[in-house]
1. Output the residue which, of all residues in segment 74-92 that are in contact with a strand residue (DSSP E or B) (Cβ under 6 Å, 6 or more places away or on another chain) and among the charged types (D, E, K, R), is nearest to residue 32 (Cα to Cα).
2. Are there any pairs with C-beta distances below 7 angstrom linking a residue in segment 18-32 that is aromatic (Phe, Trp, Tyr) to a residue that is part of a helix (DSSP H, G or I) and surrounded by fewer than 18 Cβ atoms within 10 Å (Cβ to Cβ), with the two at least 6 apart or on different chains, and if so which?
Amino acid sequence: MPKYSLVGYDSSESSQRAFRFAMDIARACNGRVRVVSVLQVTQGGADACALMMTDSAAERTRELQQELRHLAADVDALVDLEITHGSPGDALLTQVRQHPIDHIVIGHTVRGALGRWLLGSVSEDVLAGAHVPVTVVR
């Protein structure tokens with residue numbers, strides 16, 4: 001049974017379902033959940049990006065902790081939270097390499113072909129690159 005599940009979280013309904021699912025597993029298996037939210041920077045110089053990400057990450061961490069507490073009362077006991085930046089799929093796979101993650105839980109968002117082409121598909125990236133079991137929650 002999974003002991004340390006990773007959840008990619010972006011506040012969407014699908015990521016909330018994935019978070020709840022991972023929390024149920026953690027409770028049942030006496031495990032933990034690592035919640036990762038990825039900030040994406042699309043423009044600006046390196047200095048501006050670094051400053052923005054530092055400010056945004058601190059603010060986003062506070063907001064995210066509150067949001068997760070509304071979804072599950074035992075967040076403080078079971079959840080490790082990290083805000084990072086980059087491509088969501090790559091960021092999640094990096095987490096698996098850096099931490100003892102033994103399971104990934106991601107939400108699935110339906111997008112058309114154009115949306116996948118423009119934005120990519122996090123679930124496709126994770127499924128293609130993960131070396132641990134992945135659960136896609138719909």
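The values are calculated or read from the model by the stated rules, or taken from the named source; none is laboratory data. Not measured: the values here are computed from a predicted model. Note: ideal-geometry Cβ built from the backbone for every residue, glycine included; neighbour counts use all protein chains shown.
1. First pass over segment 74-92, keeping only residues in contact with a strand residue (DSSP E or B) (Cβ under 6 Å, 6 or more places away or on another chain): 78-85, 88, 91-92.
Okay, now just the ones that are also among the charged types (D, E, K, R), so 80, 82.
Working: 80: 8, 82: 14 Å.
Residue satisfying both the conditions and the ranking: 80.
2. Sorted first by the residue in segment 18-32, then by its partner, the pairs are 19/71.
Yes or no, residue by residue, for (1) modelled with pLDDT of 95 or more; (2) surrounded by fewer than 18 Cβ atoms within 10 Å (Cβ to Cβ); (3) within 21 Å of residue 136 (Cβ to Cβ):
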{"residue": "3", "(1), (2), (3)": "yes, yes, yes"}
{"residue": "6", "(1), (2), (3)": "yes, no, yes"}
{"residue": "12", "(1), (2), (3)": "no, yes, yes"}
{"residue": "16", "(1), (2), (3)": "yes, no, yes"}
{"residue": "23", "(1), (2), (3)": "yes, no, yes"}
{"residue": "46", "(1), (2), (3)": "no, yes, no"}
{"residue": "71", "(1), (2), (3)": "yes, yes, yes"}
{"residue": "91", "(1), (2), (3)": "no, no, yes"}
{"residue": "97", "(1), (2), (3)": "yes, yes, yes"}
